[in-house]
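FYI, it's all coordinate maths here, none of it is from the lab. Quick caveat, the model's predicted, so the values are computed rather than measured. We place every Cβ from the backbone using ideal geometry, glycine too, and count neighbours over all the protein chains shown.
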DNA sequence: GGACTTACTTTTGGTGCGAAACAATTGCTG
DNA sequence: CAGCAATTGTTTCGCACCAAAAGTAAGTCC
C-alpha cells in the first residue's frame, strides 16, 4: 500500500456504504444519501465528516443549472474527488495485453494495448511495468493497478494456475508492484468482470444476480446478497461439462453438446469450417446466418437455442433478479435473439416471472475495466473481503 | 395471538439467535452458546436473562451422567421449556388430512390422519377443528397450528389458489382460528418443508442450500443467506417445464422429457403401465427394476439419469453447500443411486467440488411436520419475516 | 484446607444509531 | 424589507448493543 493518498482506509461499514453510494451514483446530498441508505440525517453528518476530512469526498457547488430553484436551504451535494487518482486495468490474453485508464468512478479515459510476445512471468511483468510507466506520464496520479487473468488466482495476488499462459504459482502482484511501486490487485478475469458489474454495472444493488459470458470460453458468475460466490471449478473453464443438448455437435474442446461446444466462438467457427471447409470469422458467420445461408444459420440457431436453455436453467434454479449476458460472443443476440427467447420460454413455467436479461456487448477493454474496478474496490474502500 | 404463554415476544435479534440455537441444538451452556454465536460471555448473561424470566428457557441440571467430571465450576446448561407447548402440523392432500403433534423442538410425538371427503373450505376447516379438539384432549398445551397446502399461499394465511382443492382466496388461517382459538400459520407445503429443513434439518446453518422433492410432483426450494427465496412459479408446480431430456417420454402431465414426466411417481407408473399394460405401485416398480426386469429398469434408469442431471445443474448454477433430496419418490436413490451419481459426474466439471447430496425419505407426516415447524418459527420466535 | 480451574456476573467503556432540538439558507408574502 | 415557511445540515442526547476486564461462584486436585 504505497498509495500517496494516505488516510483513506480503513472505513467503517457505514462509511463504506456512503462512499460506495456516492462513487456509484454520482454527486448526492446528505439528505438524499440518508433516504437511499435508510439512515437518519444525523448519521449522515457523522459518517460524511471523516470522508470529507480524509479527502475522499468533497462538497461540490450545486450544478450550474439548479434544475429547480427549490425552497429552503440548498442541499450540498457530495462527490468523490474524481481526480484524486486514476487506475489502471489490465487484461492479459494469450497474445495481447489490453489496458485501460479509468477514473475513480471507473470511466475509461484511455485505452492502450500491446502485443505479448512471451509468457515468461518476469518479462510479462516488465511489459506491464513499461506500459504503466508510459501511461504514468499522461496520467500523473495513478493510484493502483488491477490485472485480470484467465485462470485460477489466489489471494488476489498469485496466479495459481493459468492454462494458456502455462503459469503455476506466479506472484504476479508482487512482480508488478516491484516494477511500478503501485499497489496491485490480481484476479481471475471473469471474477473481476462480475465484481465490476455488481458494483457499477447491471447488478447494482441487486440481491441475486448472475453473469454469463460468451467468448473464447464460457464464464459464469453468481452474486448473492451483494457478494460474489466463488467455487472450485471457477477459473478452470465453465461450461465444458454443461451438457445442453446430448445430440449436439462434437468439437475439439468441450464435451459433445456442451455449452462450450455450442456457444464459444472458436467452436462455432470450427463447426462451420468442418461443414463448409472454409474458415470464417465469427462476424462473418453471424452475417451469413442473418442472410439465410443454411449451414451458418443452423449452427447459430443451435447456439441460440443452447443459450436460451442455459438462461432458462439459470432462471429456474437460481431465480436471479437479473442475468447479464456479456462477452465478445453476444453478437449472437442481435442475429438470433428471437430464437433465444423462444428457447427460454420453452424451458420456463409460463407463470414464472419473465427473465430480466441484459445484453452487453463487450470487448477486451471491458474485461480490463473490470480489473480496474476491482482495484478501486480493494484499494480505495478497503479490502472488501477477499 | 391467543397463546397463553404470554410474554414470549418480541425478541431482539440477539435473543432470537440464542433461542434458536438452544431450540435447534438442545441444551447448551452459556459458554458454549457464546462460542457458537461468537459473542462474549457477558453478552450471554444479558441475552439469556430475559429468556429465562419469560419462561422460554430454563436452567437444567447437568445430565445425570456428567460425561466427564471436568474441573472448575460446572456449567449450567440452558434448555427450552419443551413442554411449554405442543404444536400441530397439518398437511392437506386431495383425499387425506395428515396431522402431527410436535414438541417445541419439533419432535413428533403423535400422528393422526383422517380422510378428506369434501373440498368445501368450511367443511375442511371443520374437520381440522374437530381433529384439533380431539388432539387437545391428549395434548393439553397446544400453542399453535401450522398448515401445509399444495398451492399458492398469501401472507401465511390465505390460500390464493390451489388446483387440486379448487380453492381461490380461501382465508384458511382465519377459518381454523375461529374454530380452534389457536394461532394458525398457513403456507405452501414445499415452502414449509424447506423452511423446516433450513431451521432444524439438513440446511441448518448453511448459507446456500437447495431442496428438491420428488413425489406426486416436483418441488424445489432455494435458501440463500438463511432465507428462503420465493418466486412466482412456486406453488404452481415446478418441473413441468424443466426439460431434462428432449427425447424423453411423453406423459399426460408435463412436457415431453420434463422433470415431471421423468421423475414423479404418477408418471413413472404411467410409463410402466403404458409399456406393460399392468398398473403397479411405485414400490413394485422399484423392486422390479432392482431385480432386473428390463422395462421397469429402463424407466427407473431414465429417471435416475434425469435426477442426476437436475442435481448437477443445480450444483453448477447455484453452487449450494448442500442439496437435500426429499419426498416420497426418493426410494429411487436406493435402487439407482449409482446411476444418479454417474449422471451427476457427467454433467459436472471434474475439478468441481463434489456435491453434498443428502437423501431423506419422507412421507406425508414429514410434510405436516414442516408446517408445524413453520408455526413454531412464526409463533414462538416472532414473525421471522414474512 | 489451600491452590487451581472453569463458569458465570457485574462493571465499565466504546460504538453506532435515531430523535429531537438547533442553526443555516433560501423562496415567498405582505 | 421583515417575517414566515421550507428545507438542509449540525449538534446533542439517550438508547441498544457489545467486548473487555474485573469480580464472584462452584467445583476438582493435591
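For the residues of B:340-352, the average number of beta carbons from a partner chain within 10 Å of their own beta carbon is 3.
Evaluate peptide B:240-247: per residue, the Cβ atoms of other protein chains within 10 Å of its Cβ; return the mean as an integer.
Counting other chains' Cβ atoms within 10 Å and averaging over B:240-247 gives 4.
In this rough spin-label picture, where each label sits 7 Å from Cα along the Cβ direction, the residue A:169-residue A:120 distance is 2.1 nm.
For segment B:168-327, the share of DSSP beta bridges that are antiparallel, to the nearest 5, is 70%.
The protection proxy used here, the mean number of other Cβ atoms lying within 10 Å of each residue, ranks peptides B:240-248, B:29-37 as follows, highest first: B:240-248, B:29-37. Contact order, relative form, for segment A:305-360: 58 percent (alpha carbon pairs under 8 Å, 6 or more residues apart, mean separation divided by residue count).
For chain A, the longest principal axis of the alpha carbon atoms and the long axis of helix A:294-318 meet at an angle near 50°. P(r) tail for segment A:289-386: Cα pairs beyond 17 Å make up 61% of the total. Principal-axis analysis of the Cα atoms of chain B puts helix B:13-25 at an angle of about 60° to the longest axis. Here the contact order of segment A:70-113, divided by its residue count and restricted to Cα pairs under 8 Å and six or more residues apart, works out to 29 percent. Against chain A, whose longest principal axis is taken from its Cα atoms, helix A:41-53 shows a tilt of about 90°. Using alpha-carbon positions, what is the distance between the centroids of segment B:106-182 and segment A:141-216, in Å? So the two Cα centres are separated by 54 Å. The Rg/Rh ratio for segment A:145-277, using Cα coordinates for both the radius of gyration and the Kirkwood hydrodynamic radius, is 1.04. Sorted shortest first, the distances from the residue A:49 label point to those of the same residue in the other copies are 3.2 nm; each point sits 7 Å from Cα along Cα-to-Cβ. Projected over every direction and averaged, the convex hull enclosing the alpha-carbon atoms of chain A yields 21.7 nm². The alpha-carbon atoms of segment A:73-142, seen along their principal axes, cover 61, 21, 17 angstrom, with the largest extent given first. Per the Kirkwood formula applied to alpha carbons, segment B:75-231 shows a radius of gyration over Rh ratio, Rg over Rh, of 0.98. Compactness of the protein assembly as shown was expressed as the Cα radius of gyration divided by 2.2 N^0.38 Å, which yields 1.07. Once divided by 2.2 N^0.38 Å, the Cα radius of gyration of segment B:226-339 becomes 1.09. So which residue, out of B:165, B:128, B:324, gets the largest mean-square fluctuation from a GNM of chain B using Cα contacts under 10 Å as springs? Checking each option, the largest mean-square fluctuation is seen for B:165.
Spatial offset of segment A:28-46 relative to segment B:17-55 amounts to 35 Å, using the alpha carbon center of each. At q = 0.22, 0.25, 0.26, 0.27 Å⁻¹, what is the base-10 log of I(q)/I(0) for segment B:168-213 according to the Debye formula with one equal point scatterer per Cα and no solvent? Please give it to two decimals. Treating every Cα as an identical point scatterer, log10 I(q)/I(0) equals -0.77, -0.84, -0.87, -0.91.
With contacts taken as Cα pairs under 8 Å and at least 6 residues apart, chain B reaches a relative contact order of 17 percent.
Result for chain B in a Gaussian network model with C-alpha springs under 10 Å: among B:329, B:72, B:239, the largest mean-square fluctuation is at B:72.
Computed from the Cα positions only, the extents of segment B:192-259 along the three principal axes stand at 40, 19, 18 Å, in decreasing order. Of interest is the spacing of the C-alpha centroids, which for segment A:71-89 and segment A:305-376 amounts to 33 Å.
Over segment A:67-108, the ratio between the Cα radius of gyration and 2.2 N^0.38 Å evaluates to 2.02. Mean partner shielding of peptide A:305-318, defined as the number of other chain Cβ atoms within 10 Å of each residue Cβ, is 4. Most fluctuating residue of B:304, B:137, B:216 in a GNM of chain B with Cα springs under 10 Å: which is it? Maximum fluctuation in the GNM of chain B, among the listed residues, is at B:137. The ellipsoid equivalent to the alpha-carbon distribution of segment A:26-168 has semi-axes of 42, 17, 12 angstrom, derived from the gyration tensor eigenvalues as √(5λ) and listed largest first.
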